[in-house]
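Comments concern the structure below.
The values are calculated or read from the model by the stated rules, or taken from the named source; none is laboratory data. The structure displayed is predicted, hence computed values, not measured ones. Cβ placement follows ideal geometry from the backbone for every residue including glycine, while neighbour counts extend to all protein chains displayed. Accessible surface areas use protein heavy atoms only, side chains included; no ligands, DNA or RNA. Shrake-Rupley method; radii C 1.70, N 1.55, O 1.52, S 1.80 Å.
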Amino acid sequence: MVDPLKERLDKIKKLSGSAHRRANLYSDIAKIDDKHTGSSLGALQKAPAPGKKLQKIGFLMLWIPEPTGVTCAIGAPMIVAGRYLDKKYNGTTIHDIGHQTKNTISSINDFKNSVF
């Protein structure tokens, strides 16, 4: 016969161990207080997109009416440079990588199901 108090005590011990591990995890995460680490983790969540910003500024400069035409001469190369930067430095985040991985696994499973 199983003692209900012993069962309850075991359950409380398990919850206590879980809370202890969680507290240790949070304290270890709090120890990561480096400026470079924070910026790297932030870049995983929200990637900078310098190409898009440069393109937008270039389009604005191209469409601003100005009598000397200097903005047109500066705007067009900014658009081209923005497109190059957009290809070179993409704004992929961890969220995008997860979606792409999910799509790849799905297509592999579809291929495997069609073969077998």
Determine the pairs where a residue that is without any contact (Cβ under 8 Å) to a residue 24 or more places away in the chain, located within the stretch 49-74, has a partner that is outside any helix (DSSP H, G or I) and of a type in the set (D, E, K, R) with Cβ atoms under 9 Å apart, the partner being 6 or more residues away or on another chain.
C72/E66
Can you tell me how many residues in the stretch 82-116 are part of a loop (DSSP other than H, G, I, E, B) and under 30 Å from K53 (Cβ atoms)?
5
If you go through the stretch 84-116 one residue at a time, how many are over 25 Å from S39 (Cα atoms), open to solvent by 70 Å² or more (accessible area, probe 1.4 Å) and either of a type outside the set (F, W, Y) or touching a helix residue (DSSP H, G or I) at 6+ places or on another chain (Cβ under 8 Å) (or both)?
9
When every residue in the stretch 9-43 that is of a type in the set (D, E, K, R) and open to solvent by less than 100 Å² (accessible area, probe 1.4 Å) is compared, the one modelled with the highest pLDDT is D10
Test result for G91, at positive phi, at pLDDT below 80 and of a type outside the set (F, W, Y)
no
